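Peer 1: Please read through the structure below; I'll follow up with questions.
The values are calculated or read from the model by the stated rules, or taken from the named source; none is laboratory data. Everything numeric in this text was worked out from a predicted model, so none of it was measured. Reconstructed Cβ throughout: ideal geometry from the backbone, glycine too, with neighbour counts over all protein chains shown. Side chains included, ligands, DNA and RNA excluded: accessible areas come from the protein's heavy atoms. Shrake-Rupley method; radii C 1.70, N 1.55, O 1.52, S 1.80 Å.
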Amino acid sequence: MIHHKSRLQTTPKRLSLGLVGYDFRNPQIRPRHPPRLQPLSISASPNKPTRCLQITIRRNQTKEALANHDQDSGGSNSKITIKRKEFRKSRSGGNIGNYFNTINCNKRPRSSSNNESGEGSSQRPNLNVKEPNQPMPPISNVIPPKPSCNETFDVKDIPRDSGDRPTITTYDSKIRDEVRKRYLIQGPCRIRVHKFPSKRIGNKDRKFVPTWYNDFDWLEYSKKKDKVYCLYCYICGDMMGQKGGRGAFVTKGFDSWNKAKDTFRAHVGDVDSFHNKAREKCELLTKPSQTITESMRSTSEHDKRRYNDRLRVSVSASRYLLRNALPFRGHDESIDSLNRGLYIETIKVIGENNDEIFYNTLEKAPKNNKIICPKSQKDIVECFAQEILLSIRKEIGEDVFGLLVDESSDVSKKEQMTIVLRHVDRLGYVKERFIGVVHVNDTSAMTLKNAIYEALTSNGFSFTQVRGQGYDGASNMRGEFNGLKALILQENESAFYVHCFAHQLQSVIVAVAKKHADVRDFFEEISLVVNVVCGSCKRKDLQWELSQESRRDGIANGELETGKRLNQETTLIRAGDTRWGSHFNTISSLMKLYSGVLDVLANVEKEGGTLQNRRQAGGILLNLKTYEFVFYLHLMYEVLHRTNILSKELQKQDLDILEAACMVRATMDSLQKLRDTGFDSILQKVSSFCEKHEIKIVDMADLYVGARNRKTSKTNEYHFKVEIFNTVVDMQIVEFGERFSEESTQLLEYMDALSPCDSFAKFDKTKLLKLAKLYKRDFSDLDIRDLEGQLDIYYHSCIKDERFTSLKGISELSRLMVKTGRHKTYDLVYKLLKLTLILPVATATVERCFSKMKLVKTDLRNKIGDDFLNDALVCNVEKEALVKVKFEDVMERFTKMCIRRGEL
């Protein structure tokens, strides 16, 4: 038997029973405490003290006891109010159960009213005792615990699609306001460029119309559910209960497209409507100075100004560090540390030159409002990155773009994927904009595609805007069936793939270096030279001194010219399969430092530390002094010199695909000319080089002497011209034709008709119409007919204008059309021109992003988080946009991110 006691006070007008932990209305629910409570019966004990009511709960009591108690109480189900006189009367032996037909389990504060009947007090749900043969009703005032988010939930992880959002009340109360603010900063989920599905309503097909966004700023669309929602009602609707059709625009979604605008207007309603009140509360969230908490503060305008000045200094220091890819944190940031990190040290330097800033920052600032903690630093960096991405979104808008993607591992061995968008701006210039780096767990095509989708949608873009994709030659990228190329083509058939021209060119060079045995041995020999000469600091210093002496002698003899950027110091460069132009740089550096390299090898041969080193240096020195090595050196220099020019041109951001294809053909023609007439000129250069360095010159008419000094039946001319020169150049030309197969595709053939070179000599109306038909998303049948008429007028107007007859490419044509306003007159022609310009040529911009990532995330900074790395990299890569960001915009965004201590 367990006793629960609740004392009756003399002043309360009602009797409150202190039963805790038991649900009287649902006997099937097990009690929380005590755990052994069973269905109960209530009895009065007249022998107890006057002001104590005893409730006895017996374990083996049956339902008949409840029935008897109900009969004693008169079967009344009405709520009973016990008056003091009546209660005193019950003490003489009356059954106290007559006064209690209900049991209230909720605590209520003591009423201050003098009304003994308790009238006017707030009513609460009560438990009514039922008949024994009827089930006990559920307790309406016992609220089940609400699901809440984990306290470690990151508000940055809120879903973007409005159909995936949980209700605001499911979030933990501690972070609920942060979630509301994050949704307000993120804005409504709006997809404009999308193939909206149709829905049969009545006799017509109806679908969502993106122009509704312009009339209703609260409207947001869910791509997954094909329904619309109200952002304001979702964020603050729970503060005002279930009114105004909130379920249709918050939880269920609205998709009755035939009466959409009327329903939207009805949802907005008048000034006092549910929607407008929710909107007002959302506006209060973005204005901390108008909230109740801020209104309670009696902070002066002087303190506000000091806070803004302090924040401005922190923003200025952050931009300086971001622009130069410098670290923020220090190992020891305490006051006594000599180096507290560049962020704090930069603020200190700024304050040393300005007394007002000095007495307002760091130790002179309020202890809880210095804006130097790591979270504040990361928030400021995020604000800069978001402002840059906002400018990119405004610049591109709903226009189409090309997609450039590549992946690489960072210094902490995490696989990172960079994403760059190529588009044409409003002035007709081709721009490539970096929008982020994404950490991927694996490099499978599906993983990369999902990561790209998240990056695009988070910035307001979609796959429907993609009109070109450019990657390297990896199978997971360009696979015909399961690669990233194929997966994106399934989403958008107009996203034509172009293999990176720079990667193809590098593949041509590497292929020749691997397939030709003598060329492979030649590059291996150069690699040994680099290893031996640069193997120690002593050898490098000796090589540098010898090169300096040779340079001084050359200038004194008049062999070398003097001037800006001439005779720069250089070292031997190691060739790499993935570094563009590295093979040419290796040969070029060896030719410049040839005499110094010979001297270093001779020194190692004499004074080497081990016998193996001396013998290795002697063998390399003997090979370098042969005529055949010098011939290979000059031959590969002539071949790679032509490809290196193409490699540098392919790395330009504004290079269009027609110009790139033209340069590839020009390089192939140059190689063919070298094949036909270049042998004699190379022989002259080789002979001159051998005379300078005292190397024996062979007679072309003599028989060739092979390995181990064995004479052969072929002449030197046949060996050097046919077996070496012609073979190497022919392999180079063949590899060009195979690797650059895209240049002969139908797409590039059609695009070539847009070229303005030689007064539009390649203009072909038929090819341009066929090109437009390939882009089904951009040109309807009606547009094709209009384009046919525009092309005739466009061609005749351009060939008669002197400004258009001297153009050298479609990039210049695009800029001139915008400058002269013809992009509006011939809008369809200009659209066709833009589709050609945004096709990716090379992933050089993506590779530059990886180079920047090595500066931001170094060996000493290898624990940088993915979010901070992405924000810092966006700021460092997009330096032009970083400089244009206004401090006021960053400060405003920083203030709205969350409520901070000592904000004013």
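Peer 1: As a test of reading the structure, rank Thr677, Thr626 by solvent-accessible area (1.4 Å probe, protein chains only), most first.
Peer 2: Of Thr677, Thr626, the descending order of accessible area is Thr677, Thr626.
Peer 1: Another question about this same structure. Convex hull volume of the Cα atoms in region 776-822, per residue, in Å³?
Peer 2: 90
Peer 1: What is the calculated FRET efficiency for Asp680 to Thr570, with r their C-beta to C-beta distance and R₀ = 30 Å, to the nearest 0.05?
Peer 2: FRET efficiency, Asp680 to Thr570: 0.50.
Peer 1: Between Lys714 and residues 5 or more places away or on another chain, which pairs have amide H atoms under 5 Å apart, with H built 1.01 Å from N, and which residues are they?
Peer 2: Residues meeting the criterion, in which the H sits 1.01 Å from N, are Tyr704.
Peer 1: While we're on this one: Going by accessible area, probe 1.4 Å, with all protein chains left in place, what is the ranking of Leu326, Leu832, largest first?
Peer 2: Output order, biggest surface exposure first: Leu326, Leu832.
Peer 1: Could you state the per residue volume, in Å³, of the convex hull enclosing the Cα atoms of region 168-216?
Peer 2: So the per-residue hull volume is 137 Å³.
Peer 1: Multiply the residue gap between Glu717 and Val440 by 0.36 nm, knock off their C-alpha separation, and tell me the result in nm, one decimal place.
Peer 2: So the extension gain works out to 94.1 nm.
Peer 1: Considering only protein heavy atoms, what is the solvent-accessible area of Glu788 at a probe of 1.4 Å, reported in Å² to the nearest 10?
Peer 2: 80
Peer 1: Can you compute the label reach from Arg708? Point 7 Å from Cα along the Cβ direction, backbone N cut-off under 12 Å, restricted to region 515-558.
Peer 2: Under cut-off, by backbone N: nothing.
Peer 1: Each label point is 7 Å from the Cα along the Cα-to-Cβ direction; what then is the distance between the points at Glu333 and Val411, in nm?
Peer 2: My value for the distance between the label points is 1.9 nm.
Peer 1: Sticking with this structure for a sec: For Leu362, what charge total do you get from the other residues with a beta carbon under 12 Å from its beta carbon, if Lys and Arg give +1 and Asp and Glu give -1?
Peer 2: +2
Peer 1: Rounded to whole Å and sorted largest first, list the principal axis extents of the Cα atoms in region 696-797.
Peer 2: Projected onto the principal axes, the Cα atoms of region 696-797 cover 77, 28, 19 Å.
Peer 1: With every protein chain in place, what's the accessible area of Phe720 (1.4 Å probe, Å², nearest 10)?
Peer 2: The accessible area of Phe720 comes to roughly 10 Å².
Peer 1: Also, I was wondering about something else. Using +1 on the beta carbon of Lys and Arg, -1 on that of Asp and Glu, and nothing else charged, what's the dipole of region 394-444 about the Cα centre, debye to 20?
Peer 2: 160
Peer 1: Here's something else I'd like to know. Give the accessible area for Lys224 in Å² (nearest 10); use a 1.4 Å probe, count only protein heavy atoms, and leave out ligands, DNA and RNA.
Peer 2: Surface open to solvent at Lys224 totals about 140 Å².
Peer 1: Starting from the Cα of Lys648, step 7 Å along the direction of its Cβ; do the same at Tyr359; then give the gap between the two resulting points in nm.
Peer 2: Inter-label distance under the simple model: 5.8 nm.
Peer 1: Per residue of region 675-692, in order, report the coupling 6.51 cos²θ - 1.76 cosθ + 1.60 (Karplus, θ = phi - 60°) as ³J(HN,Hα) in whole Hz, putting x for Gly and Pro.
Peer 2: These are the phi-based 3J(HN,Hα) values: 5, 7, 10, x, 5, 5, 5, 5, 4, 5, 5, 5, 4, 4, 5, 5, 5, 5 Hz.
Peer 1: Order the following by accessible area, largest value first: Met700, Met817. Probe radius 1.4 Å; ligands, DNA and RNA are ignored.
Peer 2: Met700, Met817
Peer 1: How far, in nm, would the chain grow between Arg323 and Asp164 when pulled straight, counting 0.36 nm per residue and subtracting the alpha carbon separation?
Peer 2: 53.5 nm
Peer 1: Return the Rg/Rh ratio of region 357-513 with Cα-based radii and a Kirkwood Rh.
Peer 2: Expressed as Rg/Rh, it is 1.11.
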